Amino acid sequence: MSDDYLIHTRGLTKTYRMHKRPSARLASLFSRDKASSELVPGEVFHALRGIDLDIRRGEKVAIIGRNGAGKSTLLKIITGVIKPTTGTIDVRGKSHALLSLGAGFHPDFTGRENAEAFLAHMGIGGRQAEALLADAVAFAEIEEHIDQPLKTYSTGMQARLMFAVSTALNPELLVIDEVLGVGDAYFQNKSFERIREMCASGNTTLLLVSHDIYSAAKLANRIVWIEKGRVMGDGDPVDTIKAYENSIRLQEDARQKQKLALDFRRQASDRKSMLPAFIEIRARGNEPAKSPVYFADAGLFMPDGKSVEFPIFKNDGSALTSSGSAVSVQLLPHLPWGPVQEVDGTPARPWNNFGAVEHKAGFAIFPLSEAGLAQLDSATLYLKLRSNDFVDADAVYIAPDGSERILHRILLDPNEFHAFELPLKVGSPATSHVLTVASHEAGGRQGSGRCVIADCDIRDGTGETSFLLQHGQPVTVSITLDVVDPDLNEQIQVLFAFRRNGIEDVARTICRDISIAPASPKRFQANARFDHFPLGPATYTLTVLVAREGYYENHSGLFFAINPDVYDSRRDILQFEVVDRTSLASQGTGAILNANWSVSTGDN
């Protein structure tokens with residue numbers, strides 16, 4: 001391992017035995033220990049699966065992921081709390097870990113006694129310990145409580161003391177697992193600044209686990225995204241966060257499919273339970289199409305000579321099974337299907353370009369027997385489609401084992417019906433449907449598409465488009481919006497968020513006064529004029545979000561990438577730089593504000 005690296009892992013795995021009954025767990029204590037390779041699937045839980053990770057000295061690395069992804073398990077292995085099942089790990093230097101509140105601290109001892117015991121455990125005593133303790137107490141701002149028992153401290157006070165004592169040592173490796181999340185915003189910012197100073201010296205390497213991906217990005221210069229024990233992304237915070245946001249949307253899509261399959265099994269309890277396959281027509285890049293796509297016909301030609309019609313003309317979209325068929329087919333109900341209508345005299349069902357966060361059409365195919373499953377892979381998909389505008393999409397087959405096959409690129413010219421016959425076994429090679437940063441490089445756009453952003457521009461005081469702006473000078477940010485849903489009737493909200501270096505959210509402005517009615521124009525422009533642009537000198541990106549009326553006042557807490565009340569969201573839609581010709585701004589100044597000042601004498 002190079003001397004530049006503080007942490008080096010290869011093939012790191014951690015597995016735990018799974019026991020169906022407590023008696024089985026007890027029996028395993030007295031049985032011959034099995035290697036993880038000897039355990040059958042279902043006997044073990046894989047917390048980590050082949051983690052390869054290199055972390056250089058002085059890096060600030062954040063590890064993100066959902067609950068149960070393996071983040072804390074990885075930190076425990078790195079800090080020596082637990083050992084890996086297989087793989088190698090090499091950690092150089094001394095690490096100080098804040099893995100959980102109160103770890104190593106006794107509730108009956110005072111804050112001072114706990115801090116002194118912690119320093120003594122690290123081999124520090126005498127005057128050095130006194131100096132470090134004084135620094136920690138001052139930083140934590142708990143002078144009046146330091147001689148009180150720890151059990152009288154609030155959760156936030158405990159976190160402040162633990163953090164202050166650990167960072168007073170200026171460790172080579174500082175490992176933090178979520179504990180800063182319990183502090184108030186003031187102390188979080190204070191802690192972040194202390195970590196930045198420590199890492200800037202080059203002597204401290206940071207490893208941070210957080211569910212708050214946006215706060216983590218403010219501190220880290222690298223983000224590692226872990227999902228189900230595997231590294232899904234590792235690199236630039238902006239790109240990794242975009243991929244993570246997209247993954248939330250795809251995970252919700254998978255959850256909806258699982259729910260549909262479970263409901264079908266309940267209704268067909270007399271049949272053998274089979275995993276479904278899926279047919280999807282996906283808009284490329286999850287970009288809303290400019291027009292609905294109309295399905296005049298769709299189905300499967302089965303190898304036994306029979307055909308299965310898809311239920312595009314059933315008003316409820318419920319499962320449809322042709323007589324004697326070995327499969328049953330159902331529309332995916334969480335996708336933006338519209339009601340059946342006539343298009344140039346032909347009955348058709350529209351796949352709308354608004355109304356759902358996933359911009360695709362889809363069908364679930366349930367094999368009703370082993371024979372049906374065997375026939376499915378040799379079936380041929382047939383489609384008859386039309387759109388009022390040019391359409392670029394992919395026809396995708398997802399097999400019951402989860403592997404994907406891109407059958408064909410669907411290109412539709414406007415105002416014509418196009419017929420396709422696509423064998424399910426022909427197409428690009430089947431691959432595991434795994435989420436990675438690479439698969440989401442074009443990400444950054446979310447929303448149900450009811451009202452979409454068509455264009456965005458930023459202009460200086462002369463009215464010219466400019467990406468080099470002066471602080472304090474007039475600036476206008478303009479967006480062009482297209483109303484896609486003809487029934488939209490409300491006052492939508494438009495938010496501009498300015499992010500320094502594409503990460504730190506430093507300023508926002510919102511408009512709540514854009515009224516839309518069915519009779520309104522379908523394209524309009526919204527302008528935000530700043531007479532004195534307040535942002536300090538730095539590079540910024542602009543994120544624009546269009547949402548339903550009352551979205552920010554009555555926010556449901558649902559993550560924005562899967563929230564149907566978000567109509568369109570464009571992360572980093574443009575980038576610009578602000579310069580300051582005055583001496584007001586210092587390093588890191590977020591905004592310089594104009595105010596209406598008043599001055600009075602002491603006599604008034």
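Based on this model, can you work out whether residue 523 counts as farther than 19 Å from residue 577 by Cβ and of a type in the set (Lys, Arg)?
Yes, satisfied.
Considering each residue of the stretch 139-152, count those that are of a type in the set (A, V, I, L, M, F, W, C), over 10 Å from residue 165 (Cα atoms) and in contact (Cβ under 8 Å) with a residue 40 or more places away in the chain, and give that number.
The qualifying residues number 1.
Which one of 172, 178 is charged (D, E, K, R), assigned by TED's automatic domain parsing to the domain that holds residue 112 and farther than 19 Å from residue 54 by Cα?
178
I want to confirm something. Restricting to the stretch 380-404 and keeping residues that are more than 21 Å from residue 349 (Cβ to Cβ) and small (Gly, Ala, Ser), which single residue is modelled with the highest pLDDT?
This residue is 399.
With (1) surrounded by 20 or more Cβ atoms within 10 Å (Cβ to Cβ); (2) in contact with a Leu (Cβ under 9 Å, 6 or more places away or on another chain) as the list, and residue 178 as the residue in question, which single condition is left unmet?
(1)
Name the single residue that is surrounded by the most Cβ atoms within 10 Å (Cβ to Cβ) among those in the stretch 512-549 being free of Cβ contacts under 8 Å to residues at least 40 places away in the same chain and outside any strand (DSSP E or B).
520
Scan the stretch 454-474 for residues that are modelled with pLDDT under 95 and of a type in the set (Val, Ile, Thr) and report the count.
Within the stretch 454-474, residues that are modelled with pLDDT under 95 and of a type in the set (Val, Ile, Thr) number 2.
Would it be correct to say that residue 567 is at pLDDT 90 or above, touching a strand residue (DSSP E or B) at 6+ places or on another chain (Cβ under 6 Å) and assigned to a loop (DSSP other than H, G, I, E, B)?
no
Which of the residues spanning the stretch 220-236 are farther than 10 Å from residue 65 by Cα, of a type in the set (A, V, I, L, M, F, W, C) and assigned to a strand (DSSP E or B)?
223
In the stretch 518-550, what residues are in contact with a helix residue (DSSP H, G or I) (Cβ under 9 Å, 6 or more places away or on another chain) and within 23 Å of residue 487 (Cβ to Cβ)?
545, 547
Among the residues of the stretch 336-345, are any surrounded by 22 or more Cβ atoms within 10 Å (Cβ to Cβ) and of a type in the set (D, E, K, R)?
Checked the stretch 336-345: no residue is surrounded by 22 or more Cβ atoms within 10 Å (Cβ to Cβ) and of a type in the set (D, E, K, R).
Quick one: residue 488 ticks every box in (1) more than 20 Å from residue 213 (Cβ to Cβ); (2) outside any loop (DSSP other than H, G, I, E, B) bar one, so which box is it?
(2)
So residue 100 passes all but one of these: (1) under 16 Å from residue 173 (Cβ atoms); (2) at pLDDT below 90; (3) exposed (fewer than 13 other Cβ atoms within 10 Å of the Cβ). Which condition number does it fail?
So residue 100 meets the others, but not (1).
Looking only at residues that are within 23 Å of residue 131 (Cβ to Cβ) and small (Gly, Ala, Ser) in the stretch 149-175, which one is surrounded by the fewest Cβ atoms within 10 Å (Cβ to Cβ)?
Going through the qualifying residues, I end up with 166.
Within the stretch 215-233, is even one residue aromatic (Phe, Trp, Tyr) and either outside the structural domain of residue 74 (by TED's automatic domain parsing) or out of contact with any helix residue (DSSP H, G or I) (no Cβ under 9 Å at 6 or more places or on another chain) (or both)?
Within the stretch 215-233 (the criterion being aromatic (Phe, Trp, Tyr) and either outside the structural domain of residue 74 (by TED's automatic domain parsing) or out of contact with any helix residue (DSSP H, G or I) (no Cβ under 9 Å at 6 or more places or on another chain) (or both)), the answer is no, since none of the residues qualifies.
For residue 509, which of the numbered conditions (1) in contact with a Phe, Trp or Tyr (Cβ under 9 Å, 6 or more places away or on another chain); (2) surrounded by 15 or more Cβ atoms within 10 Å (Cβ to Cβ) fails to hold?
That leaves (2) as the condition not met.
I need every pair where a residue in the stretch 384-412 that is in the same structural domain as residue 327 (by TED's automatic domain parsing) and crowded, with 21+ Cβ neighbours inside 10 Å has its Cβ under 9 Å from the Cβ of a residue that is of a type in the set (S, T, N, Q) and part of a loop (DSSP other than H, G, I, E, B), sequence separation at least 6 or different chains.
Close Cβ pairs (under 9 Å, with a partner that is of a type in the set (S, T, N, Q) and part of a loop (DSSP other than H, G, I, E, B)) amount to 386/415; 387/291; 387/415; 391/291; 407/428.
Scan the stretch 121-138 and report the pairs whose first residue is assigned by TED's automatic domain parsing to the domain that holds residue 161 and touching a residue at least 24 places away in the same chain (Cβ under 8 Å) and whose second residue is loosely packed, with under 12 Cβ neighbours inside 10 Å and part of a helix (DSSP H, G or I), with Cβ atoms within less than 7 Å and a gap of 6+ or a chain change.
From the stretch 121-138, the pairs are 137/143.
The values are calculated or read from the model by the stated rules, or taken from the named source; none is laboratory data. Everything numeric in this text was worked out from a predicted model, so none of it was measured. In this analysis, Cβ positions are derived from the backbone assuming ideal geometry, glycine residues included, and neighbour counts consider all displayed protein chains.
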